[in-house]
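Here's the structure, in structure tokens; my notes come after.
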Amino acid sequence: KKRAVVDEAPIEEKEKEKENLTLNEKYPADPAVPGSKTYPLRTISTENVLGRIKEGGPPASWPFSIVDARQRVEFDADHIAGALNVPAEHIDDKLPSMIPDKGREIIFYCNGATCTKSQKAARAAVALGYAKSYVYEGGMPVWREGKHPIEGNPLPKVDVVKVTPQALHEALKAKAVTLVDIRPRDEYLYFRVTGAF
């Protein structure tokens with residue numbers, strides 16, 4: 001009996017300690033990893049984002065914010081339930097009015113590991129003074145795959161004609177097509193297909 005009481009006490013204490021933790025302490029962001037593509041930013045796992053959402057109550061009461069760094073059309077189609085939309089290229093002019101508290105934790109996400117919008121957004125936020133800016137690298141692909149809460153109005157499916165690079169090259173040479181680059185302006189200025197608008 002004595003042994004059982006001794007064994008149970010630490011478990012009860014640990015449970016009480018857990019109860020006293022904030023959501024941000026219970027479900028923390030990972031430390032920054034030197035040499036990683038996100039360094040010096042901190043990342044946060046799907047499990048910890050989900051834990052915060054599940055225990056945080058309605059989005060208005062969250063002690064953190066989730067920001068979708070994609071374009072408005074992508075956000076409107078689907079986004080993490082409760083997320084705000086601030087495209088990466090508009091962080092400087094829109095984030096301060098949407099989230100005035102620079103001490104608040106902000107989790108940025110975009111279209112997954114190959115998308116850089118969340119990293120750009122988080123770096124811009126840090127430069128503005130939002131030191132607790134994190135990146136959810138899994139983004140929408142991992143969130144969708146896990147069937148976690150999503151809001152939005154999916155775009156209708158359309159059949160799109162695919163063009164090979166060779167066929168596009170020939171069409172551009174013949175001036176038979178107009179090529180429109182739909183990426184953010186900074187990416188367009190960095191590199192683009194010759195002749196694209």
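The values are calculated or read from the model by the stated rules, or taken from the named source; none is laboratory data. Because the structure is a prediction, the values reported are computed rather than measured. Virtual Cβ from ideal backbone geometry, glycine too; neighbours counted across all protein chains shown. For the accessible areas, the whole protein counts, side chains as well, though only heavy atoms, and no ligand, DNA or RNA atoms are used. Shrake-Rupley method; radii C 1.70, N 1.55, O 1.52, S 1.80 Å.
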Residue satisfying condition, being open to solvent by less than 60 Å² (accessible area, probe 1.4 Å), among the small types (G, A, S) and at pLDDT below 90, within set A9, A69, A77:
A9
Scan the stretch 152-188 for residues that are touching a Phe, Trp or Tyr at 6+ places or on another chain (Cβ under 8 Å) and at negative phi and jot them down.
T178, L179, V180, D181
Residues of the stretch 99-118 satisfying the condition of being in a helix (DSSP H, G or I) and out of contact with any strand residue (DSSP E or B) (no Cβ under 6 Å at 6 or more places or on another chain)
K117
Qualifying positions in the stretch 90-125 - in contact with a Gly (Cβ under 8 Å, 6 or more places away or on another chain), surrounded by 15 or more Cβ atoms within 10 Å (Cβ to Cβ) and hydrophobic (A, V, I, L, M, F, W, C):
C110, C115
Residue count, the stretch 164-197, condition of a type in the set (S, T, Y) and either modelled with pLDDT of 90 or more or part of a loop (DSSP other than H, G, I, E, B) (or both), comes to 3
Those residues of the stretch 16-48 that are modelled with pLDDT of 90 or more, within 15 Å of the chain's Cα centre (by Cα) and of a type in the set (S, T, Y) come to a total of 3
Which of the residues that make up the stretch 157-175 are open to solvent by less than 80 Å² (accessible area, probe 1.4 Å) and either within 24 Å of S118 (Cα to Cα) or out of contact with any Gly (no Cβ under 7 Å at 6 or more places or on another chain) (or both)?
T164, A167, L168, A171, A174
Do any helices (runs of 4 or more DSSP H) lying entirely in the stretch 19-85 carry at least 3 residues that are among the charged types (D, E, K, R), and which ones are they?
46-55, 72-77
Pairs where the first residue, in the stretch 176-197, is over 14 Å from T116 (Cα atoms) and the second is of a type in the set (S, T, N, Q) and assigned to a loop (DSSP other than H, G, I, E, B), C-beta under 8 Å, 6+ apart
F197/T178
